[in-house]
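Notes for the one structure printed next.
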Amino acid sequence: MQTKVRLETNIEIIAGLLILALPLFIFFGQNQNNSLSVAVAVRYLAFCLLFSGIYFLHTKVLFPKFYLQKRHLFYFSALAILLIGIAFVRPFDYFIAQPNNSAPPTASPMPPPQNGRPGPLLDIVSIFLFLLAIVIGITIETNKQLRLTIQRALLAETEKAQAELAFLKAQVNPHFLFNILNNVYTLALIQDENTAPSIMKLSNMMRYLTDEAGNDEVTLDQEIACMTDYIDLQKLRLTDKTKVEFKVSGSLTD
């Protein structure tokens with residue numbers, strides 16, 4: 001499980017770096033003769049802070065507080081407000097703007113007017129990066145919630161199985177113990193030679209049940225020895241009319 005968490009964290013970091021590095025690739029692709037000046041670096045830092053803030057605002061606040069709480073109207077309204085803000089601020093256009101220009105250029109060259117209408121004025125790159133950040137955040141958070149749901153289901157199944165086992169032991173163990181003690185008491189009254197071996201077998205069984213039964217795995221020879229003691233103790237309750245056959249074959253070591 002820890003490996004999966006680390007993998008998700010690495011994927012989240014790589015995805016964030018790719019989103020933040022994409023504007024640099026576009027910038028140097030359109031401005032091959034320009035170096036990364038201080039002004040450009042400052043604008044790029046502002047760009048990174050803006051989209052990092054949007055990502056963490058969505059993944060830490062909007063998605064868990066609104067979407068997962070079934071407050072879908074507030075969630076989609078907040079996303080719409082953020083999208084309108086991105087379209088209005090146009091962060092990528094501001095990042096690639098030249099200092100000597102009075103107005104920031106668009107992400108792509110403005111197409112000439114057609115039929116008297118101007119070309120598109122949207123910052124397509126910023127909108128794309130915004131939607132990409134939201135999709136990545138939804139994917140990662142949904143995967144986390146799915147993992148938590150599976151963990152809770154497995155924990156509930158384990159607790160249920162343990163409760164059923166404890167209830168079964170609480171029902172079976174006292175009756176078995178009382179019956180065996182009554183049989184041993186009867187053997188002691190008649191001074192039967194099987195009294196001492198029966199007490200030893202009961203002691204071995206109780207030690208096995210208390211020390212080994214809680215483990216996920218036990219050795220085969222221990223399990224067979226406990227079964228043998230159990231059958232021998234149950235034989236004390238039987239008469240000569242009942243025949244019990246119990247055979248063990250094969251190697252029990254390891």
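The values are calculated or read from the model by the stated rules, or taken from the named source; none is laboratory data. In this text the structure is predicted, and so the values were computed from the model without any measurement. Every residue, glycine as well, gets a Cβ built from its backbone with ideal geometry; the counts of neighbours run over all protein chains shown. Heads up: the accessible areas ignore ligands, DNA and RNA and are worked out on the full protein's heavy atoms, side chains in. Shrake-Rupley method; radii C 1.70, N 1.55, O 1.52, S 1.80 Å.
Out of L45, L57, one residue alone is modelled with pLDDT under 85, more than 21 Å from the chain's Cα centre (by Cα) and open to solvent by 40 Å² or more (accessible area, probe 1.4 Å). It is L45.
Out of the residues in segment 123-133 meeting the condition of being open to solvent by 30 Å² or more (accessible area, probe 1.4 Å) and over 15 Å from F88 (Cβ atoms), tell me which one is nearest to the chain's Cα centre (by Cα). Quick ask: steps written out before the conclusion?
Going residue by residue through segment 123-133, those that are open to solvent by 30 Å² or more (accessible area, probe 1.4 Å) are 124, 127-128, 131-132.
So of that shortlist, the ones also over 15 Å from F88 (Cβ atoms) come out as 128, 131-132.
Working: F128: 29, L131: 25, L132: 23 Å.
Only one residue tops the list, namely L132.
Does L22 satisfy being modelled with pLDDT under 75 and assigned to a helix (DSSP H, G or I)? Against the criterion (modelled with pLDDT under 75 and assigned to a helix (DSSP H, G or I)), L22 qualifies. Selection of segment 83-92 for residues being surrounded by 18 or more Cβ atoms within 10 Å (Cβ to Cβ) and in a helix (DSSP H, G or I) yields I86, P91, F92.
Within segment 58-73, work out how many residues are among the hydrophobic types (A, V, I, L, M, F, W, C), assigned to a helix (DSSP H, G or I) and touching a residue at least 12 places away in the same chain (Cβ under 8 Å). I'd like the intermediate steps shown before the answer.
Narrowing segment 58-73 to residues among the hydrophobic types (A, V, I, L, M, F, W, C): 61-63, 66, 68, 73.
Pick out the ones that are also assigned to a helix (DSSP H, G or I) and you get 61-63, 66, 73.
From what's left, touching a residue at least 12 places away in the same chain (Cβ under 8 Å): 62-63, 66.
The total comes to 3.
Residues of segment 134-149 that are under 15 Å from Y55 (Cα atoms) and either of a type in the set (S, T, N, Q) or open to solvent by 60 Å² or more (accessible area, probe 1.4 Å) (or both): V135, T139, T142. Would you mind stating whether F95 is touching a Lys or Arg at 6+ places or on another chain (Cβ under 6 Å) and either open to solvent by less than 70 Å² (accessible area, probe 1.4 Å) or modelled with pLDDT of 65 or more (or both)? So F95 passes the test.
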